[in-house]
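Report on the following structure.
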Ligand SMILES: Cc1cc2nc3c(=O)[nH]c(=O)nc-3n(C[C@H](O)[C@H](O)[C@H](O)COP(=O)(O)OP(=O)(O)OC[C@H]3O[C@@H](n4cnc5c(N)ncnc54)[C@H](O)[C@@H]3O)c2cc1C
């Protein structure tokens, strides 16, 4: 087979998974190149809040947090239930602390332990993220390190096909620019870091039909090529019906209303002013409750919750600045501004406040009220549910090698949304905060190192 260019390792996709995989392979002596579909990095990692869970890091120990991979696995299994990749859960929990410390020490990513919230499912403070809580900062730090190591990124060069030898080994990929220029790139190892299939309505209809009409809040580049290429090679797929949804995408702003607003005491009501569930089941699980009802929905809190949250999370602060969070002196005035029955909304908030004071049991069973009962003046943001990313994908071994009938396909690796996740087998209930980036950066780290080991042992 002849190629226009050759590398030891070719990474397809310059998101969190691909950038980490490239750095890990390069650190292990490989000549690495990255091809990226878009003209700049704008995948889901950029859109995320950059939070990665890790158990027993030095940052946790310094903050007095007692944690271990065993406790982390218990949390993950409790939320996810049974699924197709339990051994991956164990593997990612085991390497999570090593990963976060490597990101800080070796990849020069500025990351701190999040101590102001735990988010869904985590019993201890375990999320680590850039101080701004923005995935764009995580990606910018990784890009600076990629540049400092002279690892080339070919932007605007989507991979359109894999190159396969007659005996079934993956030998590289073909890219094609918008102007139709095709390049055959040879590599001893190819890492698929193209994310999932959230932007591909056909694959969604096939694997997650309940999402057919739900807006997608992730990157338009997540078109599921890895699934197509994998299926052509006969690769095993796992957890294909699983995804992360989010119950609070600001409408019409399109930005995320962080779940911290709910965790600090906020409640979610429908357009008539009624609550309809225990919000503390989490943003992904609560989205399923919204999908069963007619929107729009509103997250209601108070100025104290708003200010505490905006103080720690830039994206929410920007939403406030842009008028996405309205304020009213009492429940009746808030209802008028939202076009609801004032008596109904006042009764709903009155019940929630009584439950938060422990005066009565909450009718939906909610027990955690963050900063305590809401107090006027109240705030409200119009929200709706959205799909954030799919969690099903190519089944991989403990080092990110893509499997076919449980055996690795020579030369092929996957991580992030391209690989299967650890968030349950089906639906949005099994997603725990940080599962997306743990699978992306964790499998990127493992696949980059494994690709380097395997490529060193196998000449093209
Ligand atoms: C709003 C939002 C908030 C989130 N917050 C969090 C969070 O705080 N914590 C968390 O764990 N998860 C979060 N997630 C999920 C998380 O962002 C993803 O799980 C993770 O970023 C996936 O990483 P990735 O590298 O696989 O994909 P991406 O970051 O999307 O990178 C994939 C890259 O591949 C490129 N690509 C695609 N196809 C091709 C092709 N054919 N050829 C070349 N390049 C290609 C894309 O353009 C893109 O640059 C969030 C998601 C969203 C949408």
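Values in this text are rule-based calculations from the coordinates and carry no lab data. Since we're looking at a predicted model, the values are computed, not measured. Cβ atoms come from the backbone with ideal geometry, glycine included; neighbour counts cover every protein chain shown.
Please compute the contact order of the chain in relative form: average sequence separation of alpha-carbon pairs under 8 Å and at least six residues apart, divided by the residue count, as a percent. Can you show the working numbers first?
Working: 1133 pairs, mean separation 115.6, N = 460.
Contact order relative to length: 25 percent.
Can you classify the chain as rounded, prolate or oblate using the Cα gyration tensor, where a ≥ b ≥ c are the square roots of its eigenvalues, rounded means a/c under 1.5, and otherwise it's prolate if a/b beats b/c and oblate if not?
prolate
Using only Cα atoms and rounding to the nearest 10 degrees, what angle (0 to 90) does helix 16-27 make with the longest principal axis of the chain?
Once rounded, the angle reads 40 degrees.
Please arrange 219, 48, 329, 284 by how many other C-beta atoms lie within 10 Å of their C-beta, fewest to most. Display every interim value, and only then the final one.
Values: 219 23, 48 26, 329 10, 284 31.
Ascending Cβ contact count within 10 Å gives the list 329, 219, 48, 284.
Tell me, what are the semi-axes, in whole angstrom and largest first, of the equivalent ellipsoid of the range 288-361 as set by the roots of 5 times the Cα gyration tensor eigenvalues?
Numbers: eigenvalues 97, 57, 44 Å².
Working from the Cα gyration tensor, I get semi-axes of 22, 17, 15 Å.
Where both residues lie in the chain, what percent of DSSP beta bridges are antiparallel, nearest 5?
Values: 40 of 60 bridges.
Just about 65 percent of them are antiparallel.
Starting from the Cα gyration tensor of the range 123-261, take the square roots of the eigenvalues, sort them a ≥ b ≥ c, and report rounded, prolate or oblate (rounded when a/c is under 1.5, otherwise prolate if a/b is larger than b/c, else oblate). Please report the intermediate quantities before stating the final value.
On the way: a/c = 1.92, a/b = 1.33, b/c = 1.44.
The shape class here is oblate.
For the range 243-387, just say rounded, prolate or oblate: build the C-alpha gyration tensor, square-root its eigenvalues into a ≥ b ≥ c, call rounded for a/c under 1.5, and beyond that prolate if a/b exceeds b/c, oblate if not. Show your work: numbers first, answer last.
On the way: a/c = 1.25, a/b = 1.12, b/c = 1.11.
Rounded, because the longest to shortest axis ratio a/c is under 1.5.
May I have the extent of the alpha carbons of the range 1-105 along their three principal axes, as whole Å values ordered from largest to smallest?
52, 34, 27
Going by C-beta contacts inside 10 Å, put 102, 229, 369 in order with the fewest on the left.
Values: 102 18, 229 26, 369 21.
Going from least to most buried by this count: 102, 369, 229.
Please arrange 401, 206 by how many other C-beta atoms lie within 10 Å of their C-beta, fewest to most. Spell out each step's value before the answer.
Working: 401 23, 206 14.
Listed from fewest to most nearby Cβ atoms, that is 206, 401.
What 222 nm value per residue comes from the helices of the chain, counting each DSSP H run with n ≥ 4 as -39,500 (n - 2.57) and dividing by all residues, nearest 500 deg cm²/dmol? Can you show the working numbers first?
On the way: 15 runs with 160 residues, N = 460.
About -10500 deg cm²/dmol.
So the label point goes 7 Å from the Cα of residue 341 along Cα→C-beta, right? Which residues of the range 269-305 then have their backbone N under 13 Å from it?
The answer is 271-275, whose backbone nitrogens lie closer than 13 Å to the label point.
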